[in-house]
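Please read the structure below before turning to the comments.
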Amino acid sequence: MKYAVLLFLISLPLLWAQVNPATQPEDLKLPNGKSWNDAIAKADHEQNLKDARELARISAEIRDELEGGKSLVLSLKTLKKVEDAEKLAKDLRSRMRRN
């Protein structure tokens, strides 16, 4: 127990340095003079739009298959589309939270 407390106290400054925004590096510049953070944000925005369009397309396909289905059992193809939609939604959410 003593060692755990001692280890925690020793690592506390390292943890603080990771959390403290004052120690974060300044905004880097690309060779063309543009901001690194702006370039990343723009790329993320474009990927978000692409993923949102794909998610809407997959959702429409799932809806059409559910509405047009004669059976109460879903096909493996439909379940695969649901998994793809879930993965896209998770990726989209994590990218949006990052910005």
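So that you can scan it fast, the table gives a plain yes or no per residue for (1) modelled with pLDDT of 90 or more; (2) touching a Ser or Thr at 6+ places or on another chain (Cβ under 8 Å); (3) not small (G, A, S):
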{"site": "T23", "(1), (2), (3)": "no, no, yes"}
{"site": "A43", "(1), (2), (3)": "yes, no, no"}
{"site": "R53", "(1), (2), (3)": "yes, no, yes"}
{"site": "A56", "(1), (2), (3)": "yes, no, no"}
{"site": "R63", "(1), (2), (3)": "yes, no, yes"}
{"site": "S75", "(1), (2), (3)": "no, no, no"}
{"site": "D91", "(1), (2), (3)": "yes, no, yes"}
{"site": "R98", "(1), (2), (3)": "no, no, yes"}
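Out of all the residues in region 29-56, which are part of a helix (DSSP H, G or I) and of a type in the set (A, V, I, L, M)?
Correct list: A39, I40, A41, A43, L49, A52, L55, A56.
Would you point out which residue out of S75, S59 is surrounded by 11 or more Cβ atoms within 10 Å (Cβ to Cβ) and within 26 Å of the chain's Cα centre (by Cα)?
Exactly one of S75, S59 is surrounded by 11 or more Cβ atoms within 10 Å (Cβ to Cβ) and within 26 Å of the chain's Cα centre (by Cα), namely S59.
Quick one: which of D84, D64 is touching a residue at least 12 places away in the same chain (Cβ under 8 Å), more than 14 Å from the chain's Cα centre (by Cα) and in a helix (DSSP H, G or I)?
Going through D84, D64 in turn, just one is touching a residue at least 12 places away in the same chain (Cβ under 8 Å), more than 14 Å from the chain's Cα centre (by Cα) and in a helix (DSSP H, G or I): D84.
Among the candidates S71, S59, which residue alone is in a helix (DSSP H, G or I) and among the small types (G, A, S)?
Testing whether each residue is in a helix (DSSP H, G or I) and among the small types (G, A, S) leaves just S59.
The values are calculated or read from the model by the stated rules, or taken from the named source; none is laboratory data. Everything quoted here is computed from the prediction, not taken from an experiment. Cβ atoms come from the backbone with ideal geometry, glycine included; neighbour counts cover every protein chain shown.
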